[in-house]
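Colleague: I am attaching a structure below and will ask some questions about it afterwards.
The values are calculated or read from the model by the stated rules, or taken from the named source; none is laboratory data. Everything quoted here is computed from the prediction, not taken from an experiment. With ideal geometry, Cβ positions are generated from the backbone for all residues, glycine too; neighbour counts draw on all protein chains shown.
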Amino acid sequence: MKRFLSLLFLVFSTYLSIYGQDPNFGRMNGNFQLEAQTYAKDSLIGAQEVAERILSRGFLYLNYSLGNFSANIRYEYYLNPILGIDPRYEGTGFGHRSLNYNTDFIEVSVGNFYEQFGSGIIMRSYEERALGFDNAIDGARFKIRPIDGIEFTGLIGKQRFFWGLSDGILRAGDLNIQMDRLFGNFLGEGLSFLLGASVVSRFQRDQESFYFLPENVLAFATRANLSGENFNVESEFAYKYNDPNATNKFTYNSGTALILSTSYFSDGIGINLDFHRIDNMDFRTDREAKGNNLNVNYLPSYSKQHIQRLATLYPFATKPNGEIGIQADVTFTIPKGTFLGGEYGTTFSLNYSRINSLDTTHIDEFTYKSPFFAIGKRLFFQDFNIEMIKRWSKSLESNIAFIYINYDKDVMENEGAPKFGSVDAFMTFFDFIYKFSAKQSLRIELQHLFAKQDSAVKDPDNVNGNWAFFMAEYTIAPNWFFSFIDEFNYGNHYDYLRLHYLTASIAYITGATRLSLSYGRQRGGIICVGGVCRPVPAANGFSLSVTSSF
């Protein structure tokens, strides 16, 4: 393997120095990312002391293509991992490399690759650097497209596990049939109908002396999607055979997942309705793994992913052991020239989501029953929000939002054990952008969060209570950005933790390169991307970020 990596890196280096972007010798592209952070001890915010003082990570990705062939490689370093990223990433090396061949009929990849079947509920391999997450598959994959409208995918491999590989082996296949391509417009003009089916098998030896654990675990899924000019209806059902593991506390129940979604969109209006049910769908290549390690599948979050800073204090993370919920989203625009629309029109967005536990009854220590559409009594998460986007003049525009969240903190942050209780959070958000000229603008963002916990605050923390937020961002397009942020936990239960979190930053953009530098306090909390979350520790110091593509 080391010889392969060295040879591939030598080929890249030689190509760049000799041929550049000469089309006769293929094409090279890539990207670069660097993050570095200094750390100063700050006991009030819970920022720990770091021996190295500076922690950093970086990535260099190179992709070379020539005709039907392509090769890519990614060098990574974690010296040492920034706080919040798993320390097992410590070190340097090539975290990704692959060779690929692609025609209209067949596509072949060997080495590392990412893959997703359907919505991902039985198979999704991807990278999310914000979470420090990478479950790339190291193995072989092929895709065959025998006729227009049919694609079959097969793969085998092991998952990346920091600088090594998982013990378990993945074998998987997927079939996509685009019915309207295969049989013409048999449903009518403008209608598209897709059918799909997937199967995933994991093999891991049973070395447990107490439990009798299945070594081969099979999961399958079917899906259908019907779409037209102004609507879309999709469904997906998955079944996983019993897979006792550390996350589900070694239950021998099988797992199921159902996702139903429908949307309608027309001039000035869009409506989306979702229903989902997940039961025992934690699926990994190592039955002892926990957290974000060695996930085979991806269970999307069916709640709004808020971008407002204070709303991220209470994010929802999907519960693979069991949840059932709905989401409704309506967006509409009031035309300009009307009383509410004004001169430029006004856009409103209303969103509601509610996620409960399943209604389960334990049969014995290792099994339970759960009626499929029965809703449990425990409310995990509820979110109602309304947002208004309006342009008042050529120079001024605004975004105003009101958010209510009910958040079961015990379920989200303490594995269901009683400690915190539930939190009711009410948030208001005001965002104004004023343009002084075509190149210069000022953005002011104001947020307030009122939070009430239904149990006593037993231990000091830097999250509870009311918050206020202020941000000013000045832009000189297209290169310069300056910002100042103040987060104030003025309502903390403990007086000495009613702290300001001040941050100042500057960013410069030229072409495809962005450089940013900031200094200040970072509050601890949780960061989530699509229902997958990781804790972020508090920090005090400088942060540097450099990204570029070529």
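Colleague: Take the residues in region 196-221 that are under 30 Å from Tyr264 (Cβ atoms) and in contact with a Leu (Cβ under 8 Å, 6 or more places away or on another chain), then tell me which one is surrounded by the fewest Cβ atoms within 10 Å (Cβ to Cβ).
Modeller: Among those residues, the one meeting the criterion is Ala197.
Colleague: Among the numbered conditions (1) without any contact (Cβ under 8 Å) to a residue 12 or more places away in the chain; (2) in a strand (DSSP E or B), tell me where Phe152 comes up short.
Modeller: (1)
Colleague: Report, by residue number, each residue of region 514-550 that is of a type in the set (Lys, Arg) and either over 25 Å from Leu60 (Cα atoms) or surrounded by 18 or more Cβ atoms within 10 Å (Cβ to Cβ) (or both).
Modeller: Arg521, Arg523, Arg534
Colleague: Continuing with this model, one more query. Scan region 103-124 residue by residue and report those that are polar (S, T, N, Q) and either closer than 15 Å to Gly196 by Cα or out of contact with any Lys or Arg (no Cβ under 7 Å at 6 or more places or on another chain) (or both).
Modeller: Once the filter is applied, which keeps residues that are polar (S, T, N, Q) and either closer than 15 Å to Gly196 by Cα or out of contact with any Lys or Arg (no Cβ under 7 Å at 6 or more places or on another chain) (or both), region 103-124 yields Thr103, Gln116, Ser119.
Colleague: Next question. Criterion first (within 24 Å of Lys319 (Cβ to Cβ), in contact with a strand residue (DSSP E or B) (Cβ under 9 Å, 6 or more places away or on another chain), free of Cβ contacts under 8 Å to residues at least 60 places away in the same chain and not aromatic (Phe, Trp, Tyr)) does Asn272 satisfy it?
Modeller: Answer is yes for this residue.
Colleague: Which of (1) at pLDDT 95 or above; (2) of a type outside the set (Asp, Glu); (3) closer than 16 Å to Glu234 by Cα does Asn295 not meet, given it meets every other one?
Modeller: The number of the failed condition is (3).
Colleague: Could you please find all residues in region 531-550 being closer than 22 Å to Ser43 by Cα and not in a strand (DSSP E or B)?
Modeller: Result: Pro537, Ala538.
Colleague: What are the residues in region 428-483 that are β-branched (Val, Ile, Thr) and within 30 Å of Asp410 (Cα to Cα), if any?
Modeller: Of everything in region 428-483, those that are β-branched (Val, Ile, Thr) and within 30 Å of Asp410 (Cα to Cα) turn out to be Thr428, Val457, Val463.
Colleague: Scan Asp180, Asp134, Asp174 and give me the residue that is at pLDDT below 95 and surrounded by 17 or more Cβ atoms within 10 Å (Cβ to Cβ).
Modeller: Going through Asp180, Asp134, Asp174 in turn, just one is at pLDDT below 95 and surrounded by 17 or more Cβ atoms within 10 Å (Cβ to Cβ): Asp180.
Colleague: Still on this structure, please answer the following. Closer than 16 Å to Gln48 by Cα, over 24 Å from the mean Cα position of the chain (by Cα) and not basic (Lys, Arg): is that true of Gly511 in this structure?
Modeller: No: the conditions fail for Gly511.
Colleague: Whether any residue in region 313-329 is more than 24 Å from Asp410 (Cα to Cα) and under 23 Å from the mean Cα position of the chain (by Cα) is what I want to check.
Modeller: Among the residues of region 313-329, at least one is more than 24 Å from Asp410 (Cα to Cα) and under 23 Å from the mean Cα position of the chain (by Cα), which makes the answer yes.
Colleague: For region 53-90, enumerate the residues that are more than 30 Å from Val536 (Cβ to Cβ) and small (Gly, Ala, Ser).
Modeller: Those that are more than 30 Å from Val536 (Cβ to Cβ) and small (Gly, Ala, Ser): Ser65, Gly67, Ser70, Ala71.
Colleague: Moving on. Given the residues Asn321, Asn356, which is the only one that is at pLDDT 95 or above, of a type in the set (S, T, N, Q) and touching a strand residue (DSSP E or B) at 6+ places or on another chain (Cβ under 7 Å)?
Modeller: The match here is Asn356.
Colleague: Only one of Asp104, Asp148 is among the acidic types (Asp, Glu), at pLDDT below 95 and surrounded by fewer than 18 Cβ atoms within 10 Å (Cβ to Cβ). Can you tell me which?
Modeller: Asp148
Colleague: Please go through region 255-297 and pick out each residue that is of a type in the set (A, V, I, L, M, F, W, C), over 18 Å from the mean Cα position of the chain (by Cα) and part of a loop (DSSP other than H, G, I, E, B).
Modeller: Hit for region 255-297 is Ala289, nothing else.
Colleague: Turning to a different aspect of this structure: Just wondering, is there one or more residues in region 387-400 that are touching a helix residue (DSSP H, G or I) at 6+ places or on another chain (Cβ under 9 Å) and closer than 20 Å to His306 by Cβ?
Modeller: no
Colleague: Tell me which residues, restricted to region 189-215, are hydrophobic (A, V, I, L, M, F, W, C) and more than 30 Å from the chain's Cα centre (by Cα).
Modeller: Of everything in region 189-215, those that are hydrophobic (A, V, I, L, M, F, W, C) and more than 30 Å from the chain's Cα centre (by Cα) turn out to be Leu191, Phe210, Phe212, Leu213.
Colleague: Inspect region 128-141 for any residue being more than 21 Å from Thr285 (Cα to Cα) and part of a loop (DSSP other than H, G, I, E, B) and give the result as yes or no.
Modeller: There is no residue in region 128-141 that is more than 21 Å from Thr285 (Cα to Cα) and part of a loop (DSSP other than H, G, I, E, B).
Colleague: Please pick out the residue among Ala456, Ala425 that is without any contact (Cβ under 8 Å) to a residue 12 or more places away in the chain and either part of a strand (DSSP E or B) or closer than 30 Å to Asn321 by Cβ (or both).
Modeller: Ala456
Colleague: If you scan region 76-111, which residues turn out to be free of Cβ contacts under 8 Å to residues at least 40 places away in the same chain, closer than 29 Å to Thr38 by Cα and in a strand (DSSP E or B)?
Modeller: Of everything in region 76-111, those that are free of Cβ contacts under 8 Å to residues at least 40 places away in the same chain, closer than 29 Å to Thr38 by Cα and in a strand (DSSP E or B) turn out to be Glu76, Tyr77, Tyr78, Thr92.
Colleague: Right, here's the next one. Looking at Lys439, Lys452, Lys409 in this structure, which one is basic (Lys, Arg), closer than 21 Å to Ile527 by Cβ and either buried (at least 18 other Cβ atoms within 10 Å of the Cβ) or modelled with pLDDT of 90 or more (or both)?
Modeller: Lys409
Colleague: Could you count how many residues in region 330-367 are under 29 Å from the mean Cα position of the chain (by Cα) and over 29 Å from Arg378 (Cβ atoms)?
Modeller: So the count comes out to 5.
Colleague: Taking into account only those residues within region 61-96 that are of a type in the set (A, V, I, L, M, F, W, C) and surrounded by 17 or more Cβ atoms within 10 Å (Cβ to Cβ), which is nearest to the chain's Cα centre (by Cα)?
Modeller: It comes out as Ile85.
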